[in-house]
Amino acid sequence: MPGAPRQRRAATRSADRKPHDVRWAEIVAAATEIFAARGYDATSLQDIADRTGILKGSIYHYIRTKSDLLAHIVRETHEMGLDQVRPIAVGPGSPGAKLEGMIRAHVRFVCENPLRTAVFAHDRKRLDPEQRSAVLGDEHAYRDLFAEVIAAGQAEGTFDPALDVRLSALHLLASMNALHRWWRPGGAISNQAVADHVVATTLFGLSPR
């Protein structure tokens with residue numbers, strides 16, 4: 001039938017007509033899932049289009065390159081995490097209470113966003129240095145929030161002043177960020193139990209000898 005190809009193309013275009021924000025959310029979700037499963041380098045825009053159910057060319061209405069999509073996921077994940085812990089870090093309370101609250105907030109964030117955490121942890125370095133700087137600004141802002149609270153605890157005598165502040169913050173974040181590798185919802189260990197354990201071992205480990 002002479003008109004069949006044209007009709008199929010029209011039907012495809014019609015199927016693609018979702019609100020911009022809805023389609024963009026689907027693209028981001030698909031990219032996050034595939035990046036986390038395969039890695040950034042092994043993922044193509046065609047893979048993301050197939051998962052989303054759109055034509056590959058439609059993705060270019062939202063981004064220019066695959067790295068633009070990764071940059072968005074990295075930036076959004078970084079900002080979402082900071083929004084969880086920064087109010088606690090700069091808010092009222094003792095350093096010990098702040099650190100406990102920050103740990104619980106971050107454990108909850110990682111457990112609720114394991115795919116985002118995986119992409120951030122493993123693929124952000126796939127961005128070139130200039131793009132990574134534009135996306136993250138001070139890439140150490142997250143670590144520094146924890147370091148500042150630990151340093152405040154050392155100053156008041158709550159935490160051992162002999163411990164290296166930066167190393168303590170890095171060790172703590174590394175242990176929490178690794179949750180995406182093994183923790184699963186509905187498993188034998190709840191995220192509350194994980195948070196309780198990290199709080200107990202961290203506060204004990206930082207206590208003065």
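Each reported figure results from applying straightforward, stated rules to the coordinates on display, with no laboratory input. Computed from a predicted model, the values in this text were never measured in an experiment. No Cβ is skipped: glycine too gets one built from the backbone with ideal geometry, and neighbour counts run over all protein chains shown.
Data overview
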quantity: Computed label-point distance, nm, for sites Ser44 and Ser67 using a 7 Å Cα→Cβ extension; calculated: 2.0 nm
quantity: Around Gly101: net Lys/Arg minus Asp/Glu count, Cβ-Cβ under 12 Å; calculated: +3
quantity: The chain: calculated mean residue ellipticity at 222 nm from DSSP helix runs of at least 4, using -39500 (n - 2.57); calculated: -23000 deg cm²/dmol
quantity: In sequence order, calculated HN-Hα J values of the range 80-87 (Karplus, 6.51, -1.76, 1.60; Hz; x Gly/Pro); calculated: 4, x, 4, 4, 7, 9, 4, x
quantity: Total charge dipole magnitude, the chain, about the Cα centre, Cβ charges on Lys, Arg, Asp, Glu only, Debye to nearest 20; calculated: 1100 debye
quantity: Overall dimensions of the chain as given by Cα atoms, namely Rg and Dmax in Å; calculated: 21.4, 84
quantity: Residues Met102, Met80 arranged by fewest to most Cβ contacts within 10 Å; calculated: Met80, Met102
quantity: Proximal lysines to Lys56, defined as alpha-carbon separation beneath 18 angstrom and excluding residues fewer than eight positions away on the same chain; calculated: Lys18, Lys66
quantity: Euclidean distance of C-alpha centroids, the range 180-199 and the range 119-155, integer Å; calculated: 24 Å
quantity: Theoretical FRET efficiency, 1/(1+(r/R0)^6), r = Cβ-Cβ of Ser58 and Ala174, R0 35 Å, to 0.05; calculated: 0.35
quantity: Low-density loop cleavage sites - trypsin sites (Lys or Arg not before Pro) in the range 31-116, where at most 12 other Cβ are within 10 Å (DSSP); calculated: Arg64
quantity: Taking Ser207, Ser58 and counting other C-beta atoms within 10 Å, the order from fewest to most; calculated: Ser207, Ser58
quantity: With Cα atoms, 0 to 90° folded angle of helix 191-206 axis to the chain main axis; calculated: 40 degrees
quantity: Phi-based couplings in Hz for the range 147-164 (Karplus 6.51, -1.76, 1.60; Gly and Pro marked x); calculated: 5, 5, 5, 5, 4, 5, x, 5, 5, 8, x, 6, 10, 5, x, 7, 7, 6
quantity: Chymotrypsin sites (Phe, Trp or Tyr not before Pro) within the range 8-108: DSSP coil, no more than 15 neighbouring Cβ in 10 Å; calculated: Tyr60, Tyr62
